[in-house]
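Step one of this worksheet: look at the structure below.
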Amino acid sequence: MELKELLEIAGVTLGALGGGAAIIFGFSSWLGKIWAYRLMEKEKAEHYRELESLRNKLTQDTESYKVKLKKSEFIFEKEYEAASELVSLKRSFLPTYSHPNMCWNEACDEVAHNFHKIETALSSYLSKHGAVLSKETKDLLSYSIGIAGESKFDITNPDVPTEASAAADKLLKKLDEAEECLLNQVHSQSSS
């Protein structure tokens, strides 16, 4: 074969390969675009699902927070009512200042004469507000009810025995502790 023929064959071969290469390049370019588009659509769909999932979780968390806030507000309102009523109730148990030289023992004697009334009022109060009271407050009130309930039988005439007067003093101190405990409970919630 001559050089001329070899060059022609090489030219035809290169032309054929070049045309085929152009076809292959065009096909691979088209196929690459399709794959890229599909991958991009898949990624977009995945990101959209993640976004919707986050949006749903945020909505649920917001609703959950709103429910918790309403419950907290409700409980605070009930604790405030309970504290206000206990302060008022305790004040109603305190004796009146009946003469200038009235001493603490005389005040305790007057409280002792009201043990039955105090026991009934505290029992009613505990029944009404027990759900929002702390264990410590309930224990103090229960102890106070016990003092009034047991000591009311010591009062059989206008003269108050020493034990009943001491019980009245103890009852008033326990009510002071219960009041302080409940007020702390309310104040701690209002400051947070």
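Rule-based calculations on the coordinates, nothing more; no lab input. This one's a predicted model, so the numbers in the text were calculated from it and none came from an experiment. Heads up, the Cβs are rebuilt from the backbone with ideal geometry, glycines too, and the neighbour counts pull from every protein chain shown.
Here the 3J(HN,Hα) profile of the stretch 96-105, calculated from phi with Karplus coefficients 6.51, -1.76 and 1.60 at θ = phi - 60°, is 7, 7, 8, 8, x, 9, 5, 9, 4, 4 Hz, Gly and Pro shown as x. Size descriptors for the chain: radius of gyration and Dmax over Cα atoms are 43.8, 149 Å. Counting alpha carbon pairs within less than 8 Å and at least 6 residues apart, what relative contact order, in whole percent, applies to the stretch 3-190? With pairs under 8 Å counted, the relative contact order is 23 percent. Database remark: amide H of ILE155 closer than 5 angstrom to no amide H (H placed geometrically; neighbours at sequence offset of 5 or more, or on other chains; Pro and chain starts carry no H). In order along the stretch 112-117, the Karplus-derived 3J(HN,Hα) couplings, from 6.51 cos²θ - 1.76 cosθ + 1.60 at θ = phi - 60°, round to 4, 5, 10, 3, 4, 4 Hz, and Gly and Pro are given as x. What the phi angles of the stretch 28-41 give under the Karplus curve with 6.51, -1.76 and 1.60, with θ = phi - 60°, is a coupling list of 5, 5, 4, 5, x, 5, 4, 4, 4, 5, 5, 4, 5, 5 Hz, glycine and proline written as x. Give the long-range amide H neighbours of VAL160: residues separated by 5 or more places, or on another chain, with amide H under 5 Å away, using H modelled in the peptide plane at 1.01 Å from N. Result for VAL160 returns nothing.
Going highest first, how would you order 121-129, 149-157, 136-144 by mean Cβ packing within 10 Å?
Numbers: 121-129: 16.1, 149-157: 14.6, 136-144: 19.4.
Order by mean packing, descending: 136-144, 121-129, 149-157.
For the stretch 99-192, pairs of C-alpha atoms spaced more than 17 angstrom apart make up 52 percent of the total. Annotation: peptides 109-119, 82-92, ranked by per-residue average of other Cβ atoms within 10 Å with the highest first, follow the order 109-119, 82-92.
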